[in-house]
Every structure is written in C-alpha cells, then in structure tokens.
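The block underneath contains the structure these notes are about, expressed in structure tokens.
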Amino acid sequence: MRTVVHLSDLHFGRINHATVRPLAAFVNEAQPDLVAVSGDLTQRARVEEFLEAREFLDSLPFPQIVVPGNHDLALYNPVERFLRPLHTYRRYISENLEPVYADEELAVMGINTVRILTIQKGRINMSQVARIEKWLCPFREGTAKILITHHPFDLPEGASPRRIVGRAREVMRRLAGCGADVFLSGHLHLGLIGLSTVRYEIEGLSSLIVQAGTATSTRGRGEVNSFNILRIDYPEIEVAQINWDSESGVYAPASKTRFRRSQGMWRVI
C-alpha cells in the first residue's frame with residue numbers, strides 16, 4: 001500500500017498564513033510515501049515567494065514530485081519570462097521540471113504544462129506526449145501509474161472546456177490500454193474527483209481524474225482550502241479530500257471516494 005499527498009496552488013505571496021503550519025503538520029502525520037505538488041507554488045514568481053515555498057517544501061516529507069504552474073513563470077519581468085523562463089523556479093525549487101519517481105508499487109511522472117506565450121492556458125507538446133508514453137507504459141500491471149500536471153485534464157461542471165490542458169485527448173489516446181491510472185492536477189482552485197470516461201470515450205482508457213483545490217491561497221473561488229490524499233492498494237484507490245476548518249484551525253477529512261479496477265476499468269465502489 002502507498003500513500004500519496006496531493007497539494008496544489010500554494011501561491012506563496014498571497015496565502016492564508018494560518019493554514020501553513022497545520023498543513024505541514026497534517027501531511028507529516030499522514031506519513032506519505034510521496035508528496036506531489038501540481039504547480040503554482042508562488043503568486044508572482046518573486047524570489048521572496050520562492051524562498052517561502054522552499055521553506056515550506058523542506059518542512060514536508062520526502063520524496064517529492066513538484067511541477068511548475070503558470071504563476072511560477074515571471075509575469076512582469078519580460079527578460080526572465082522570455083529569455084530565462086522558470087529561472088527562479090529552477091534556482092529555488094528544482095532544476096528538473098519533469099521529475100519522475102518509481103518504486104515497487106508506484107510510477108509517477110511530472111510534466112511541465114507552462115508556456116511562455118500564454119498567461120493562463122497550458123499545453124503538452126508532442127515530444128512530451130511521446131516521453132509520457134515511453135516512460136509510463138512499460139511498468140507492469142499492478143503498478144499505479146500517475147501523471148502530474150498543473151493544467152487539468154477535466155473540469156468541474158460549468159467550467160469552460162478551454163481550461164483543459166492542450167493535447168489532453170492525444171495524451172489520453174496514446175495512454176489507452178497501458179495507463180495512466182491517475183491524473184493529478186490543479187490550476188482552477190476547485191476540487192474534482194472522478195473518472196476519465198465521463199469526458200473521454202476512448203477504447204481502452206479508464207483513469208481517475210483527481211484535481212486539487214488550493215491548499216493555502218486566499219483565492220479559494222468559492223471553496224475552502226483543501227488538498228487530497230490518495231491511498232493506493234492496487235487494484236483499489238481511495239481518494240480523500242482534506243478541507244481547512246477555519247473555526248478549529250485544522251485540516252480535517254471532508255470526503256472519501258473509493259475506486260476499484262476490474263476488467264480493465266476503474267469504477268466507484
């Protein structure tokens with residue numbers, strides 16, 4: 001069995017400071033095998049924000065898989081944005097923008113969906129599609145294959161389809177029949193736990209779509225601060241959403257959804 005903590009959209013520089021220590025305490029108490037952070041560690045990609053984010057990450061268990069978000073790309077500094085994209089992120093968070101992790105039960109891959117020519121939208125290029133397929137597909141049946149991006153593969157009800165990461169369908173098509181089992185993302189500050197088959201009717205494809213809200217930002221967009229914990233005992237996965245309770249000053253489980261893979265399909269149980 002493996003435990004994966006999924007955090008997203010920390011937005012240091014515009015955070016609810018009351019959430020930070022309780023969040024770190026909850027994550028450490030969960031004793032995860034992996035911490036996954038799906039982008040937007042900062043609000044405006046400033047050095048002081050990255051320093052805060054680095055201090056926070058250092059307070060969490062390792063190993064960690066972290067990918068950048070669009071807010072981690074300098075917005076008001078054109079030299080850094082266009083000539084040295086994600087330079088400050090590389091300096092303080094990680095040189096590796098597309099890290100991977102694997103053990104006997106997990107295969108986890110991060111993909112950078114940030115693009116310098118757009119502010120909000122994200123995209124996966126064809127070389128990334130090939131790299132995802134080449135790395136994830138060879139893992140044996142029974143290994144939980146997880147892809148982490150900042151921009152989402154699916155959306156909560158009512159959200160514009162334009163918010164989906166570019167080439168999402170191509171990634172799904174190429175992974176049909178071999179994984180991934182789970183797509184982790186953020187970006188919208190809205191939680192979503194569901195199945196890929198709702199949006200993507202692709203033969204051989206069945207995955208979990210797990211989107212995290214913002215763990216610490218003040219920009220909740222109608223939802224409280226939250227994050228996810230995945231407990232993986234293949235062929236079963238339980239996804240728990242953990243919400244911030246401002247009255248008690250702690251994070252607490254809000255919901256749990258269990259899935260089981262049977263005859264090549266993930267289903268809610």
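Laboratory data are not the source of any read-out in this text; all were calculated from the coordinates shown. In this text the structure is predicted, and so the values were computed from the model without any measurement. Cβ atoms come from the backbone with ideal geometry, glycine included; neighbour counts cover every protein chain shown.
Consider a paramagnetic label point 7 Å from the Cα of Val47 along Cα→Cβ; state which residues of region 70-103 have an amide N under 13 Å from it.
Flagged as within label range: 88-89, 91-92.
Which value, in Å³ per residue, describes the convex hull spanned by the Cα atoms of the chain?
116
Separation between the Ala18 and Met265 pseudo-spin-labels, each 7 Å from Cα along Cα→Cβ, expressed in nm?
4.5
Mind checking region 97-175 for GluC sites (Glu not before Pro) that DSSP puts in a loop (not H, G, I, E or B) and that have at most 13 other Cβ atoms within 10 Å?
Listed in order of number, the matching sites are Glu104, Glu141, Glu157.
Be a star and scan region 224-238 for residues whose amide nitrogen sits under 13 Å from the point 7 Å along the Cα-to-Cβ vector of Glu141.
235
Suppose each label sits 7 Å from its Cα in the direction of the beta carbon; what would the Ile116-Arg163 distance come out to in nanometres?
For Ile116 paired with Arg163, the spin-label model returns 2.8 nm.
Based solely on its DSSP helices, what 222 nm [θ] is calculated for the chain when runs of n ≥ 4 H residues each add -39,500 (n - 2.57) and the sum is averaged over all residues, nearest 500 deg cm²/dmol? Numbers along the way, then the final one.
On the way: 5 runs with 48 residues, N = 269.
Helix contribution divided over all residues of the chain: -5000 deg cm²/dmol.
Please identify every one of the chymotrypsin sites (Phe, Trp or Tyr not before Pro) in region 1-108 that sits in a loop by DSSP and has no more than 16 other beta carbons within 10 Å of its own beta carbon.
Details: sites: Phe12, Phe26, Phe50, Phe56, Tyr76, Phe82, Tyr89, Tyr92, Tyr101; in loops: Tyr76.
Those satisfying the criteria are Tyr76.
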